[in-house]
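Peer 1: Shown below is the structure under consideration.
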Amino acid sequence: MPKLTSKLQYRNFEKGEFIDEEQRALQETLVLIKNYPWEEQRHLTDVQPTCPSVTIERQDSTYLKVGPGFNGKFCMYLLNSRHQLFEAYIAKIDEVCDMVIKFFNGANLEHELEKHTLSLSASGHFKTKIFEYRFSETGFFLKYSLLCLFTIVFIALLFLNAAVTNPIPILFIFIILFAALLIPTHMLMLNHYKHSKDACLNLSRGNDSFVFGVKKKLRTYYKSQITSLIIYSGGIQKGKQNQCVYQITFNDSSYIKISGMVIPVSIFAEKFPTVEIIEKTKWWPMM
C-alpha cells in the first residue's frame, strides 16, 4: 500500500494553511488522527472545511479531511478531482479510521457522503497555500508615475498662474504647498522602495514562525517572542498601503520594520491573533 501525503490544521489557521505535511503510511496516518487533540481543538470552533483537521491527499488529486463536527462528532470532507465537495458526520473515531482505510485502498467514497450543492473555490480548503508577500515593483511604479504626473501638472499650474496673475502671493502659497505635501510624499515612497524592493515575507495566521528578509538574507522569527507590534500609519492617508510601517520588537530588544508596500495593513493585522497591536499615527512613516 503506497504512502499518502497528510498534513495538519489547527484552530485559527487560515484557509490553505497546513503544517507537518509529509508522506505517511496507513498506520502512521491512523496514529496521527487518533493522537490529534480533538477535544482541545474543537472548542469554540465552527464546523466548516477550514478547521482543526487532518487532511489526506491521494495520487488522483482526491482529498479526505477529518474535522470536528457537532456534539462531539467528526465531519468528513471529500474533495474529488473534479473539485466537487462531499461531507458526512461520523460519531466515533473508529468509523473515521475505517473510512481512511478505504481511502488508502483507492475506494470511491462519494456514495457514503452527501454532495454539496455549492462548492465554489472548495479546493482552497484542501490545497496548501504559500503565504508569501513581496514588494510589487509594478504597483510601486504605477503609483509613483501618478505622483510624478500630478507633480508635473502642479508645477505647470504654478507657472501658468504666475504668468497670468500677480505672481508673488500665489507663487509663495504654491511653493509652500509643494514643499509641505509633494516633496515629503516623494521622499516617503522612495524611502519605502529603497528598503523594500527586495523584501520577502512568509507569514501566516496560525503558524508561530515567520520568515522575513531580503534575497538570501532571510531569517526566521517567532510570534511568541514578540514584545510589541506597532503599526505606524500616515496622518493624511491613514490605512493606505504605501503609508504604513510595521515595527516588530522581540524579547532580545531587536526589531524589524516591514513596509506596507510588502503586505497591506488589512491582511497584516490579521496574522497576529495573539499579539496586541498598537496603532500610531506618523505623518511620514519612514523605514
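Peer 1: Where in region 118-223 are there strands (runs of 3 or more DSSP E), lying wholly inside it, with at least 3 residues that are at pLDDT 95 or above and not hydrophobic (A, V, I, L, M, F, W, C)?
Peer 2: Those strands (runs of 3 or more DSSP E) span 217-222.
Peer 1: Another one. Could you give every pair whose Cβ atoms fall below 8 Å, whose first residue belongs to region 137-151 and is assigned by TED's automatic domain parsing to the domain that holds residue 197, and whose second residue is among the hydroxyl-bearing types (Ser, Thr, Tyr) and part of a helix (DSSP H, G or I), counting only separations of at least 6 or pairs across chains?
Peer 2: Pairs found: 140/193; 144/193; 147/185.
Peer 1: Looking for whichever is more than 28 Å from the chain's Cα centre (by Cα), in a loop (DSSP other than H, G, I, E, B) and more than 26 Å from residue 274 (Cα to Cα) here; the options are 1, 99. Which one fits?
Peer 2: 1 is the lone residue from the list that is more than 28 Å from the chain's Cα centre (by Cα), in a loop (DSSP other than H, G, I, E, B) and more than 26 Å from residue 274 (Cα to Cα).
Peer 1: Which residues, taken from region 196-225, are surrounded by 19 or more Cβ atoms within 10 Å (Cβ to Cβ) and farther than 18 Å from residue 18 by Cβ?
Peer 2: 196, 199, 201, 212
Each row is one residue, and each column tells you yes or no for (1) in contact (Cβ under 8 Å) with a residue 12 or more places away in the chain; (2) surrounded by 21 or more Cβ atoms within 10 Å (Cβ to Cβ).
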{"position": "14", "(1), (2)": "yes, no"}
{"position": "36", "(1), (2)": "yes, no"}
{"position": "40", "(1), (2)": "no, no"}
{"position": "47", "(1), (2)": "yes, no"}
{"position": "65", "(1), (2)": "yes, yes"}
{"position": "69", "(1), (2)": "yes, no"}
{"position": "81", "(1), (2)": "yes, no"}
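Peer 1: Out of curiosity, is residue 8 surrounded by 13 or more Cβ atoms within 10 Å (Cβ to Cβ), in contact with a Phe, Trp or Tyr (Cβ under 8 Å, 6 or more places away or on another chain) and in contact (Cβ under 8 Å) with a residue 40 or more places away in the chain?
Peer 2: Details: surrounded by 13 or more Cβ atoms within 10 Å (Cβ to Cβ): yes; in contact with a Phe, Trp or Tyr (Cβ under 8 Å, 6 or more places away or on another chain): yes; in contact (Cβ under 8 Å) with a residue 40 or more places away in the chain: yes.
Yes: the conditions hold for residue 8.
Peer 1: What are the pairs, 6+ residues apart or on separate chains, where a residue within region 265-287 that is farther than 24 Å from residue 16 by Cα and outside the structural domain of residue 11 (by TED's automatic domain parsing) has its Cβ under 8 Å from a residue that is part of a helix (DSSP H, G or I) and aromatic (Phe, Trp, Tyr)?
Peer 2: Hits for this filter: zero, empty list.
Peer 1: Do the conditions hold for residue 229, that is, is it at pLDDT 95 or above and either assigned to a strand (DSSP E or B) or more than 22 Å from residue 190 (Cα to Cα) (or both)?
Peer 2: Considered against the rule, which asks whether it is at pLDDT 95 or above and either assigned to a strand (DSSP E or B) or more than 22 Å from residue 190 (Cα to Cα) (or both), residue 229 comes out as yes.
Peer 1: Can you work out which of the residues in region 258-287 that are aliphatic (A, V, I, L, M) and assigned to a loop (DSSP other than H, G, I, E, B) is farthest from the chain's Cα centre (by Cα)? Outline the logic, then answer.
Peer 2: Start the filter on region 258-287 by keeping residues that are aliphatic (A, V, I, L, M), which leaves 258, 261-263, 265, 267, 269, 275, 277-278, 286-287.
Still in the running and assigned to a loop (DSSP other than H, G, I, E, B): 261-263, 275, 286-287.
Details: 261: 14, 262: 11, 263: 8, 275: 16, 286: 23, 287: 22 Å.
Only one residue tops the list, namely 286.
Peer 1: Can you name the number of the only condition in (1) surrounded by 13 or more Cβ atoms within 10 Å (Cβ to Cβ); (2) at pLDDT 95 or above; (3) not in a strand (DSSP E or B) that residue 27 fails?
Peer 2: For residue 27, the exception is condition (1).
The values are calculated or read from the model by the stated rules, or taken from the named source; none is laboratory data. Small disclaimer: the values here were computed from a predicted structure and weren't measured. Using ideal geometry, Cβ is built from the backbone for each residue, glycine included, and neighbour counts are taken over all protein chains shown.
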